[in-house]
Amino acid sequence: MSAAVALVWSDWLGLFAHFLVLSLLAVGGAITMAPEMNRYLVGDRGWLTDAQFTASVALAQAAPGPNILFVAVLGWNVAGLPGALAAMAGILLPSTTLAIAAARWGAARREHRFVRAFHAGMAPLSLGLLLATGWVLAEPSRGSLAAMALVVATVAIMARTRLSPIWMIAAGAALGALGLA
Amino acid sequence: MAEAAAVDTGAPRSPRSPRELFAVFNRMSLQGFGGVLPVAQHELVERERWMTREQFVEMLALAQVLPGPNIVNLALMFGDRHFGLRGALAALAGLLTVPGIIVLALAALYGEFAHLPRVAGALRGMGAVAAGLVIATALRLWPTLRGNPLGRHASALVGAAAFVAVGLLRWPMWWVVGGLGMAAVAAAWWRLGRR
C-alpha cells in the first residue's frame with residue numbers, strides 16, 4: 001500500500017478539513033466515524049479502494065498503539081507521510097482542545113454539585129460502555145469455539161491476576177499462529 | 001507548572017516530569033495491541049500507582065463521553081493535570097509517536113505478508129485476547145461503583161443498561177450518553193442534594 005494519487009493543495013485542505021469535522025462527532029472513538037470516512041475517501045474522492053480502506057483499519061488494530069492510528073494509515077495510503085500527518089492533525093486538533101478544556105473546567109469545580117453528579121452518573125455508564133466495547137471486539141471470535149475459549153480464558157485470568165496484558169497478547173498470537181484460535 | 005511541583009491528587013505516587021510521562025505512555029502504547037486502555041489501567045493504577053482505581057474510573061468517564069479516542073483523551077487529561085499543556089502534549093506524543101512510525105512501516109510492508117496463514121492466525125488470536133482484556137478491565141473496575149452516590153444497585157443498573165443499549169442493541173453512542181447518561185447524572189444530582 002503506498003501513495004498512488006497526486007494531490008493538489010485544495011485536496012490537502014479537503015483531507016484535513018474532512019477529519020477536522022469528524023473529530024468532534026466521534027463520541028466513542030474515531031472508529032464510529034469509519035462509515036463516513038469510507039464514503040468520503042472511497043466514494044466521493046476515489047482516493048482509496050474499499051479493500052485498501054478495510055485493510056488500513058485492520059492493520060492499525062493489529063499494530064500496537066491506539067486504534068486512532070488507522071486514520072494515519074488512511075492518510076498514508078492517500079498521500080504518503082504528508083497525508084498521514086494532515087489526517088491525524090485534523091482528527092486530533094478539535095477533540096484534543098476540547099478534552100483539555102473540559103478537564104480543566106471540571107478540575108476547577110471538583111466540589112460543585114453538578115461536577116460530582118456528572119462523575120457519579122457517568123461512571124457506571126462508562127463501565128457499561130467498556131463492557132460493550134469488549135463485546136463488539138469479540139464479534140469476529142464468536143464463530144470459532146477456540147477463539148471464544150481464548151476470550152473467556154483472558155477474562156478469567158486478567159480479572160483475577162495482575163499479569164501484564166502483553167503476556168496474554170503474546171499467548172494469543174502464538175496460539176493463533178499455530179491455528180488454535 | 002514547574003516540574004518539581006507535584007500535584008497532590010491523593011494517589012500513592014506522581015510522575016516526576018513530562019519526560020517520564022512520555023516514557024510511560026510510550027511504553028503502554030507499545031504494549032497495547034487491539035486497544036491501549038487495559039494496559040493503561042495496569043500501568044497507571046497498578047504499576048506506577050499514579051492513580052487510584054476510583055480516579056481512573058472518574059477520568060475514564062469524562063474521556064469516554066467526550067469526542068475523540070478514550071485513551072487519547074485520558075492521556076491529555078492526565079498529562080494536563082500534572083504538568084499543564086506540556087504534560088498533555090508529552091503524554092500524547094508518548095502515545096502516538098513510536099506506534100505511529102511502526103504502523104506506517106507496517107502499512108508500507110503490508111502487501112508482503114498479509115496473505116500468510118500464520119500471520120492471519122496470529123492476528124485472530126490477538127483479536128480474541130484484546131476483546132477479553134477490555135471485558136476484564138471493565139469487570140475489574142466494577143467494584144469502584146460501590147462508593148457511587150447513586151447507590152450500588154442503581155449504578156449497576158445504569159452500567160448494565162449501557163452495555164445492552166450499545167453492545168447488544170447497537171444504539172448510537174449519542175443517544176445513550178445523552179439519554180441514559182443525562183438521566184443518571186440527574187438522579188445523582190438529586191441524591192447528592194438530599195444528603
Can you give the Kirkwood hydrodynamic radius of segment B:79-195 from its Cα pairs, in Å with one decimal?
18.5 Å
From DSSP H assignment alone, runs of 4+ in chain B each adding -39500 (n - 2.57), the sum over residues rounded to the nearest 500 puts [θ] at 222 nm at -22000 deg cm²/dmol
With +1 on each Lys and Arg Cβ and -1 on each Asp and Glu Cβ, and nothing else charged, work out how big the dipole of the protein assembly as shown is about its Cα centre, in Debye to the nearest 20.
1280 debye
Quantify how strongly other chains surround peptide A:89-102 by giving the mean number of their Cβ atoms within 10 Å of each of its Cβ atoms.
5
Within a Gaussian network of chain A (alpha carbon springs, distance under 10 Å), most fluctuating of A:L59, A:L129, A:L145:
A:L145
Over the protein assembly as shown, what lengths in whole Å, largest first, do the semi-axes of the equivalent ellipsoid take, defined as the square roots of 5 times the eigenvalues of the alpha-carbon gyration tensor?
32, 25, 21
Cleavage-rule hits, trypsin sites (Lys or Arg not before Pro), segment A:62-139, DSSP coil, Cβ neighbours within 10 Å at most 11
A:R110
Given H placed on each backbone N at 1.01 Å, which residues far from B:F33 in sequence or on other chains put an amide H within less than 5 Å of it?
A:G65
Jot down the radius of gyration and Dmax of segment A:1-134, Cα atoms only, both in angstrom.
17.4, 55
Karplus (6.51, -1.76, 1.60) ³J(HN,Hα), θ = phi - 60°, over segment B:10-23, in Hz, Gly and Pro reported as x
x, 7, x, 9, 9, x, 8, 7, x, 4, 5, 4, 4, 4
Size of the dipole of chain A about the Cα centre, Lys and Arg at +1 and Asp and Glu at -1 on the beta carbon, nothing else charged, in debye to 20?
780 debye
In debye to the nearest 20, the charge dipole size for chain B, taken about the Cα centre with +1 at each Lys and Arg Cβ and -1 at each Asp and Glu Cβ, equals 520 debye
For chain B, with a Gaussian network of springs between Cα atoms less than 10 Å apart, report the residue from B:M51, B:M28, B:M173 with the top mean-square fluctuation.
B:M173
Two decimals is fine: what's Rg over Rh for chain B, C-alpha atoms, Kirkwood radius as Rh?
1.01
A student asked for the Cα radius of gyration and Dmax of segment B:76-147 in angstrom ought to give 18.0, 52
Loop-only chymotrypsin sites (Phe, Trp or Tyr not before Pro) in segment B:105-195, please: DSSP not H, G, I, E or B, and at most 16 other Cβ atoms within 10 Å.
none
Long-range amide H contacts for A:V27: which residues qualify at under 5 Å (H placed 1.01 Å from N, peptide plane, sequence gap of 5 or more or a different chain)?
B:G68
Averaged across the residues of B:43-55, what count of C-beta atoms belonging to other chains lies within 10 Å of each residue's C-beta?
1
Within chain A, helix-based [θ] at 222 nm, where runs of 4 or more DSSP H residues each add -39,500 (n - 2.57), nearest 500
-24000 deg cm²/dmol
Average partner chain C-beta neighbours within 10 Å, per residue of B:75-82?
4
Of A:T49, A:T96, A:T154, which has the largest mean-square fluctuation in a 10 Å C-alpha GNM of chain A?
A:T154
Using the Karplus curve 6.51 cos²θ - 1.76 cosθ + 1.60 with θ = phi - 60°, what ³J(HN,Hα) values do you get for each residue of segment A:66-81, in whole Hz, with x for Gly and Pro?
x, 5, 4, 4, 4, 5, 5, 5, 4, x, 4, 6, 7, 8, x, 4
Which ³J(HN,Hα) values, rounded to whole Hz and listed in residue order, are derived for segment A:158-168 from phi using the Karplus coefficients 6.51, -1.76 and 1.60 in 6.51 cos²θ - 1.76 cosθ + 1.60 with θ = phi - 60°, glycine and proline given as x?
6, 6, 10, 10, 9, 4, 5, x, 4, 5, 5
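Computed from the coordinates by the stated procedures, all read-outs in this text should not be read as laboratory data. Being a predicted model, the structure only gives us computed values, none of them experimental. Every residue, glycine as well, gets a Cβ built from its backbone with ideal geometry; the counts of neighbours run over all protein chains shown.
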